[in-house]
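Following: one structure in structure tokens, then a few remarks.
The values are calculated or read from the model by the stated rules, or taken from the named source; none is laboratory data. Note that the structure is predicted; figures quoted are calculated from it, not measured. No Cβ is skipped: glycine too gets one built from the backbone with ideal geometry, and neighbour counts run over all protein chains shown. The protein model used for the area step is the full one, side chains on, heavy atoms only, and it has no ligands, DNA or RNA in it. Shrake-Rupley method; radii C 1.70, N 1.55, O 1.52, S 1.80 Å.
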Amino acid sequence: MLRSGGPARPRFGRIIGVGDYRPRREVDNRELCRTIDSTEEWIETRSGIRRRRFADAEETLPVMGAAAAAKAIAAAGVDPQDIGLVIAASTTNLVSLPPLAVEIATRAGAVGAAAVDLNAACAGFCYAIETAATMIRVGTADHVLVVGAERLTDLVDPTDRQIAFLLADGAGAVVLGPSAQPGVGPVVWGADGRQLDAVVMTGSWGDRRRDRAAPVPVMRMDGRRVFRWVVDEMVAVARAAVAAAGITLDDLSAFIPHQANMRITDVLVSELELPDHVAVADDIATAGNTSSASIPLAMERLLTTGRAESGGLALLIGFGAGLTFAAQVVELP
């Protein structure tokens, strides 16, 4: 029989540091209306977004991801060489090789760490948190770096009034370390493959290679369908995650959903009947929808602005193309 490589004593994972990278260029609704048929008021009313960040050519996924990672590692107070595993969650990496996680690890100083890319669309960060906490719990790694990095502007038709105003760029990161007490609650996750065509690409890069006349593939989304699905399905998922953590909604300090659309967040808050003391992430107002980067970016903003406190409990929930979903309660760093 193989010997177990796990720890002799039970241990758990918890988030011990968070970091962010927000691209230099801010784009307000007025500027966006130069390329889409819309108005500033319509965009803010429909999404809650006033501004968002667009990455320039130098702000690549590895650059943004490593910058966020460096902040998270510093906040955690660990040496980069103590990172045993790096997970990069992204749905917009257009370079298949080498893995994004390896380049982020190298740039952040975690040379030699195991590294893997993960794509679960906008639920990717929550998927990665569960993976990281499990690796710590079984003893595979002592410290895990999780990075959500996205350049959604690379995949969007800038004239598409359905989604061009929603999507943006950025990176957020957290470091998880070992703890004697659980710092990440049980995940409630899954994917509804019946909704595969709700968020899609119009083609593949393989099509483009075979036929240079083929259009560049871009994202398309049935926004109404996604909205209805989230409202119908995610309230139960959120409640299940809270119950699995052995707490009640009254015990929460913060609610950090994927920053998809402020209207979605408002409905979830109402349907969950969250207590007034729970801080609700609204980073979308100035960051836009950054897919797998949105939850760590929103977490960082809640903590740095003092709206949420270290040690408080936060309910995370991500949902996106697939349609994938995941939720868990975490202790804030």
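How many of the residues making up the range 255-271 are touching a helix residue (DSSP H, G or I) at 6+ places or on another chain (Cβ under 6 Å) and either of a type in the set (A, V, I, L, M) or open to solvent by 10 Å² or more (accessible area, probe 1.4 Å) (or both)?
6
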Subject >> Residue list for the range 5-31, restricted to those being at pLDDT 95 or above, over 18 Å from the mean Cα position of the chain (by Cα) and among the aliphatic types (A, V, I, L, M) >> reply: Val27
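Report those helices (runs of 4 or more DSSP H) wholly inside the range 248-319 carrying at least 2 residues which are out of contact with any Asp or Glu (no Cβ under 6 Å at 6 or more places or on another chain) and among the hydroxyl-bearing types (Ser, Thr, Tyr).
Details: elements: 262-272, 284-287, 294-304.
Ranges flagged: 262-272, 294-304.
Restricting the range 178-197 to residues that are buried (at least 17 other Cβ atoms within 10 Å of the Cβ) and either more than 19 Å from the chain's Cα centre (by Cα) or of a type in the set (D, E, K, R) (or both), which is nearest to Asp222 (Cα to Cα)?
Gln195
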**OP:** Kindly check whether there is at least one residue in the range 75-92 that is in a helix (DSSP H, G or I), among the acidic types (Asp, Glu) and either modelled with pLDDT of 95 or more or in contact with a helix residue (DSSP H, G or I) (Cβ under 6 Å, 6 or more places away or on another chain) (or both).
**Re:** yes
Original post:
Condition test on Thr286, is it closer than 16 Å to Gly17 by Cβ and not hydrophobic (A, V, I, L, M, F, W, C)?
Top reply: no
Subject >> From Arg228, Arg210, Arg220, residue being in contact with a strand residue (DSSP E or B) (Cβ under 6 Å, 6 or more places away or on another chain) and open to solvent by 70 Å² or more (accessible area, probe 1.4 Å) >> reply: Arg220
Original post:
Just for the range 122-142: of the residues that are more than 17 Å from Gly65 (Cβ to Cβ) and within 21 Å of the chain's Cα centre (by Cα), which one is surrounded by the most Cβ atoms within 10 Å (Cβ to Cβ)?
Top reply: Cys126
